[in-house]
Amino acid sequence: MYDVVILTDERYVNPAKKSEYIENVITEDRLVMEALDKRGFSTKKVAWSDESFDWSSTKIALFRTTWDYAEKFTAFSDWLMEVSMLTKLVNDYETIIWNLDKHYLEDLKNEGVRIVETYFVEPGDNRSLAQIHQELGWNHTVLKPAISAAAKDTFKLTEDNLNQYEARFSELIKDETMMIQPFQNDVVNRGEISLMLIGGEYTHAVLKVAKQGDFRVQDDFGGTVEDYDPTQEEIDLAIKAVKACEYMPLYARVDIVNDNNGNPAISELELVEPEMWFRKNHSSAEALASEVAKLLK
């Protein structure tokens with residue numbers, strides 16, 4: 001019987017080849033496991049898709065690096081429901097289901113949390129991108145799926161390139177909700193801030209910067225990460241977003257940009273498997289272990 005299973009995807013269990021990216025993943029998971037181990041808890045790192053593992057053999061399944069879920073969403077959703085009946089998920093099942101679909105941004109907005117302006121296009125909508133942009137009055141936007149990870153199918157749109165994305169949009173909108181947001185200039189001028197919260201408390205932050213000529217800040221696309229000292233307004237906004245959740249998440253990453261009016265706004269609230277940059281703040285891994293310990297006790 002394990003106290004905590006650290007959930008990952010199969011690429012990071014025993015990788016044959018190790019890049020800097022994979023080394024960072026391994027380091028992050030190791031820091032969490034070591035923090036739990038020193039508290040006397042038994043741990044194991046397991047891919048969520050491992051069909052041989054008995055999920056009733058762990059008290060807690062802690063989501064960490066299940067970064068292939070968007071590519072295998074149907075299988076992941078089925079697994080999620082099944083496992084939620086066999087062990088305790090962290091974050092909890094209800095929070096995960098809510099956070100997997102970026103319609104949650106509308107819920108945050110309804111709770112008075114400032115978000116990046118967002119418009120959802122539901123499956124089966126037969127309008128073209130040109131029609132939608134004309135109706136919205138937007139001419140510089142970002143298009144992406146409501147359920148996605150790592151900037152999958154994310155496109156920067158302008159009046160000049162709409163035509164080249166019409167076919168792809170028509171294909172995507174057949175089966176999934178797409179979302180359109182005005183392009184936020186702060187993403188390329190400064191970057192996107194990520195604030196980490198554990199047990200509802202702020203721990204640390206980083207600034208994600210896109211490579212020259214790109215707007216995607218993920219390291220998958222050449223983005224870099226810097227230490228960042230957030231303002232009190234940014235911290236307060238992150239805490240407000242977490243408190244607006246129906247169920248208080250044990251951990252959260254809150255992504256913030258300055259919107260085109262110069263106000264801090266939530267671009268994403270990551271509660272499923274966020275990169276938390278524990279390697280930049282080891283005490284935050286200790287804080288996570290302490291919160292998990294409370295659940296175990």
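Just so it is clear, none of the values below were taken in a lab; they were calculated from the coordinates. Small disclaimer: the values here were computed from a predicted structure and weren't measured. With ideal geometry, Cβ positions are generated from the backbone for all residues, glycine too; neighbour counts draw on all protein chains shown.
Structural remarks
- Projected label distance in nm at K280 and Q164, using a 7 Å step from Cα toward the beta-carbon: 3.2
- Cut-off 13 Å between beta-carbons: net charge of the residues surrounding I115, Lys and Arg +1, Asp and Glu -1: -3
- Secondary structure note: in the chain, about 70% of the DSSP beta bridges are antiparallel.
- Sorted by Cβ density within 10 Å, fewest first, the residues V257, V209: V209, V257
- A straight line joining the Cα centroids of segment 139-191 and segment 1-49 runs 33 Å.
- Summed side-chain charge close to N139 - residues other than N139 whose Cβ falls under 15 Å, Lys, Arg +1, Asp, Glu -1: -3
- Over segment 218-297: Rg over Rh, Cα atoms, Kirkwood Rh: 0.98
- Pairs exceeding a 29 Å alpha-carbon distance, out of K156/K243; K17/K45; K59/K109; K72/K208: K156/K243; K59/K109.
- Helix 20-37 axis versus longest C-alpha principal axis of the chain: approximately 40°, rounded to the nearest ten.
- Of S84, S170, the sequence from fewest to most neighbouring Cβ atoms within 10 angstrom is S170, S84.
- Taking 0.36 nm per residue of separation and subtracting the Cα-Cα distance, full extension of the segment from E291 to N126 would add 54.7 nm.
- One chain, two ends: I22 and S77. Fully extended at 0.36 nm per residue, the span grows by 17.3 nm beyond their Cα-Cα distance.
- To the nearest ten degrees, helix 162-172 and the longest principal axis of the Cα atoms of the chain are 50 degrees apart.
- Ordered from longest to shortest, the equivalent ellipsoid semi-axes for segment 119-182 are 16, 13, 11 Å, each the square root of 5 times a Cα gyration tensor eigenvalue.
- Helix-derived mean residue ellipticity, 222 nm - over the chain, DSSP H n ≥ 4, -39500 (n - 2.57), to 500: -9500 deg cm²/dmol
- Order of E192, E270, E10 under a 10 Å beta carbon neighbour criterion, fewest first: E10, E270, E192
- The chain - convex hull of the alpha-carbon atoms, volume per residue in Å³: 139
- Shape call, segment 12-80: gyration tensor on alpha carbons, a/c limit 1.5: oblate
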